[in-house]
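Chemist: Dumping the structure here so I can ask a few things about it.
The values are calculated or read from the model by the stated rules, or taken from the named source; none is laboratory data. Keep in mind the model is a prediction, meaning the values are calculated, not measured. Note that we place each Cβ from the backbone using ideal geometry, even for glycine, and neighbour counts take in every protein chain shown. Ligands, DNA and RNA are excluded from the accessible area calculation, which covers all protein heavy atoms including side chains. Shrake-Rupley method; radii C 1.70, N 1.55, O 1.52, S 1.80 Å.
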Amino acid sequence: MSRFVLRRLLQSAVVLLGVTLVVFLLLQLVPGDPVRVALGTRFDPQTYEALRTRAGLDRPLVAQYFSYVGRAVTGDLGVSFRSGQPVTRIVLERLPATLSLALTAVLIAVLVAFPLGVLAAVRSGSALDHAARVFSQFGVSVPDFWMGIMGILLFAGVLGWLPPSGYVPLTEDPAGWLAHVLLPAATVGLVTASILTRFIRSSVLEVLSADYVRTAEAKGLRTRVVVLRHVLRNALIPVITVVAVQLASLLGGVIVVEVLFAWPGIGRLTYDAVQARDYPVLQGAVLLVAALFLLMNLLVDILYARLDPRITAR
Amino acid sequence: MSAARDSQARRALSALRHDPPAVAGAVVLLALVVVGTAGRWLAPAGVNDVDVDQMLHPPSWAHPFGTDELGRDVLSRVLVAARVSLEVGVVSVGIALLVGAGIGLVAGYYRGWVDNVLMRGMDVLFAFPVLLLAVAIVAVLGPGLLTAMIAIGVVYTPIFARVTRAGVLSVREQVFVRAAVSIGASDLRIIRRHVLPNIAAPLIVQTSLSLAFAILSEAALSFLGLGIQPPAPAWGRMLFDGRGFVTEAWWLGFFPGAAIFLTVLAFNLVGDALRDVLDPRQLTLGEASRSTT
C-alpha cells in the first residue's frame, strides 16, 4: 500500500511539474509583449517596466521558468497586471464561492443519481429504467448554460421563486446563499447526475450478475437484503471515483455557469482575467485548478486502493 | 482480413438500422449537414439584416423563431450558425484524432521511454479541466474560429492518445503481428496493415462521441465570446447575447440552445449505438471526462 501511495505521489509530482510548464508557456504564446497587450490604453513606461521586472520577463526563458516554479512552490504566483494585487490572494478569495457551488451541485447530483441509478439497475428493463436512460442521455447532451437560462426564465421570470443571479456568502446570510445557489447548483448538478446515473446503473448491473449475488439469492435472501448487503457495497466502489472526478472538475470552476449566474468563483475570475488580458491571474487560476484536480485524483486513487486492495496489487 | 472488416461494417450498419434512437440521431445529423451546407440559402432573411421596427418580436409566421434585440431573424441566424458548429466539431476532432492517434500509436508500439515521455505529456493535458484549458489557449492566442478549433483539438487529443495506445498494446501482442515481425516486415507496414485496421473500431466510436463534446465546447467558448466573432452567428454567442432579455424574450434563449442540444444528442445517440456494435467493452471516456462547463 505505501509503495502504491509513494508511486502515485511521484507520478503526480511529475505531472504537476508538467502542468507548471504548460501554464508558464501560456504567457509565452501571447502574440507580442504580454505586458503591453495587458496594459492597452493604460500604458505608461514606468508601470510597464515595473510589471515586466516583477513578472521576470526581462530574464532568459529558462531562468524565468525556474523562477516561476520556485516562487509558485512558496505560494507566490506573481501580481495582477491590472490591480497589482498578489495573484494567490485574488485566486484564494474566489475559492469559497466555487467550493460552495461545487459541493451543493455534487450533493444534488448524488441525491438524484443514487436512487435513480440503483433502481434502474435493479428493475432493469422497466419503465423506470427507460426513464433513467432518457434522463442520462438528456443530461450528457444538454448544454448546462442553456439549462441555466431556461431555469432563470422559469424560476426567476415566470414563477419568481428564485433570484436570477448573484451571490451571498454562506457565512453572512445562509438563507440568502441558499436562494442564490439553488439555480446554478441545480443546473450543474443535474448534468452531473445524468453522468452518475449511467455509471451507477451499469456498475450495479455488473455486480448483480456476479456469482456471489447468485449464491446469496440461492440461499433465499430477500432481494432487498441482497442489494443492500452485497450489491451496493461492491458496486459503489467505482462510483466513488466518478463522483470525485466530477467534484474535481467542478472545483476547477464551472466557468460558463458562474458567468451566467454572476457567481464570483474561480470560473468567473478566469473569465474576467481573459477579458482584461490579466495573464498572471489567468495563469494562477489555471495552475491552482489543475493542482486541485491532480490532488483530488490522487486522493481518490488512494481511497480506491484502500477500498479495493486488488488495485495496489496491479 | 478485409472480408472480416467488410462484415464488421455490414454488421454495424445493420445493427444501427434496427436501433430507433440511432436512426433518429442519424436523420438529425443528415438534416444538420444539409442545413450546415445550404443554411445561407435556406435562411428566410439575411443573418445581419437589422430592422429596428421588428426588435424582440415573438415567434410569428413572418419570423418563426422571433427576432432579436436588433430585429434580426433568429431562425436565419440559427440555420446559418449550424455551419460553424459542424466546422468546429469536425476540424477540432480531426486535429485531436490525427495528433492523439499518432501519439498513441507511437507510444503503444514502441513502448519504453518513448511511451513514458509521450503518455506523461498526455497526463499533463489531462490534468486540466477541458473547458478551462480551452479558454486559456484561446485567451492567449486570441479569440476566433481557428483558435477555437485548435484549442478544442488540443484538449481532446489525450483521449484519442489513450484509446489508441490501449488498442495498440493489445494488438501488438497478437500472433499475426508477431508473425509479421518475424518475416521482417517494417514497422510502418505492420502499423499500416495490421495495427491500424484492428484499432479502428474504438477510434470510430471515440470520434463520434467526441464530436458531441467538441460541439458543446465550441458552444461554451462562443458563449464566453471566445469563438467566432460577431456579427457572424454562433449558437453559443446567440445564447450569451440573449441572456439579458431572457425573461421578456424567451425565444432568444430557447432556439439556439435547442439547436445545440439536438445536435449533441444526435451525435451521442449515433455514438452510443456505434459503441454497442463495434466496441461494447470500451469505457465511455468522453462521458467520464466531460467536465461540466
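Chemist: Being under 30 Å from residue A:298 (Cβ atoms) and not aliphatic (A, V, I, L, M) is the filter here, so list the residues in region A:4-57 that pass it.
Modeler: A:4, A:7, A:8, A:11, A:12, A:18, A:20, A:24, A:28, A:56
Chemist: Limited to region A:248-276, what total is found for residues that are surrounded by fewer than 20 Cβ atoms within 10 Å (Cβ to Cβ) and either under 29 Å from residue A:25 (Cα atoms) or at the interface with chain B (Cβ under 9 Å from one of its Cβ atoms) (or both)? First the steps, then the outcome.
Modeler: Here is the first cut: in region A:248-276, the residues surrounded by fewer than 20 Cβ atoms within 10 Å (Cβ to Cβ) are A:262, A:264, A:272, A:275-276.
Those left that are additionally either under 29 Å from residue A:25 (Cα atoms) or at the interface with chain B (Cβ under 9 Å from one of its Cβ atoms) (or both): A:264, A:272, A:275-276.
Residues flagged as surrounded by fewer than 20 Cβ atoms within 10 Å (Cβ to Cβ) and either under 29 Å from residue A:25 (Cα atoms) or at the interface with chain B (Cβ under 9 Å from one of its Cβ atoms) (or both) within region A:248-276 amount to 4.
Chemist: Here's another thing I want to ask about it. Which condition number does residue B:232 fail, the rest of (1) part of a helix (DSSP H, G or I); (2) surrounded by fewer than 22 Cβ atoms within 10 Å (Cβ to Cβ) being met?
Modeler: Of everything listed in (1) part of a helix (DSSP H, G or I); (2) surrounded by fewer than 22 Cβ atoms within 10 Å (Cβ to Cβ), residue B:232 misses just condition (1).
Chemist: Continuing with this model, one more query. Just to be sure, is residue B:227 surrounded by fewer than 16 Cβ atoms within 10 Å (Cβ to Cβ) and under 25 Å from residue A:23 (Cα atoms)?
Modeler: On the way: surrounded by fewer than 16 Cβ atoms within 10 Å (Cβ to Cβ): no; under 25 Å from residue A:23 (Cα atoms): yes.
For residue B:227, the condition - surrounded by fewer than 16 Cβ atoms within 10 Å (Cβ to Cβ) and under 25 Å from residue A:23 (Cα atoms) - is not met.
Chemist: Let me ask you something else. Go through region B:89-118 and give me each residue that's within 14 Å of chain A (Cβ to nearest Cβ) and open to solvent by less than 10 Å² (accessible area, probe 1.4 Å).
Modeler: The answer is B:89, and nothing else.
Chemist: Right, something else. Give region A:12-55 a look and list any residue that's open to solvent by 40 Å² or more (accessible area, probe 1.4 Å), of a type in the set (S, T, N, Q) and within 21 Å of the chain's Cα centre (by Cα), or say none.
Modeler: none
Chemist: Taking the condition small (Gly, Ala, Ser) and in contact (Cβ under 8 Å) with a residue 40 or more places away in the chain, does residue B:180 pass?
Modeler: On the way: small (Gly, Ala, Ser): yes; in contact (Cβ under 8 Å) with a residue 40 or more places away in the chain: no.
The answer is no for residue B:180.
Chemist: Now for a separate question. Scan region A:59-67 and tell me whether some residue there is open to solvent by 70 Å² or more (accessible area, probe 1.4 Å), in contact with a helix residue (DSSP H, G or I) (Cβ under 9 Å, 6 or more places away or on another chain) and within 14 Å of chain B (Cβ to nearest Cβ). Walk me through it before giving the result.
Modeler: Of the residues in region A:59-67, the ones open to solvent by 70 Å² or more (accessible area, probe 1.4 Å) are A:59-62, A:66.
Subset that is in contact with a helix residue (DSSP H, G or I) (Cβ under 9 Å, 6 or more places away or on another chain): A:59, A:61.
Cutting the leftovers down to within 14 Å of chain B (Cβ to nearest Cβ) gives us none.
Within region A:59-67 (the criterion being open to solvent by 70 Å² or more (accessible area, probe 1.4 Å), in contact with a helix residue (DSSP H, G or I) (Cβ under 9 Å, 6 or more places away or on another chain) and within 14 Å of chain B (Cβ to nearest Cβ)), the answer is no, since none of the residues qualifies.
Chemist: (1) within 10 Å of another protein chain (Cβ to nearest Cβ); (2) in contact (Cβ under 8 Å) with a residue 24 or more places away in the chain; (3) crowded, with 24+ Cβ neighbours inside 10 Å: which one isn't true of residue B:248, the others all being true?
Modeler: The single condition residue B:248 does not satisfy is (3).
Chemist: Please count how many residues of region B:66-76 are open to solvent by 10 Å² or more (accessible area, probe 1.4 Å) and either modelled with pLDDT of 95 or more or in contact with a Pro (Cβ under 6 Å, 6 or more places away or on another chain) (or both).
Modeler: 1
Chemist: Further, regarding this structure: If you take the residues of region A:145-155 that are more than 7 Å from every other protein chain (Cβ to nearest Cβ) and open to solvent by less than 20 Å² (accessible area, probe 1.4 Å), which of them is farthest from residue B:237 (Cα to Cα)?
Modeler: The residue in question is A:151.
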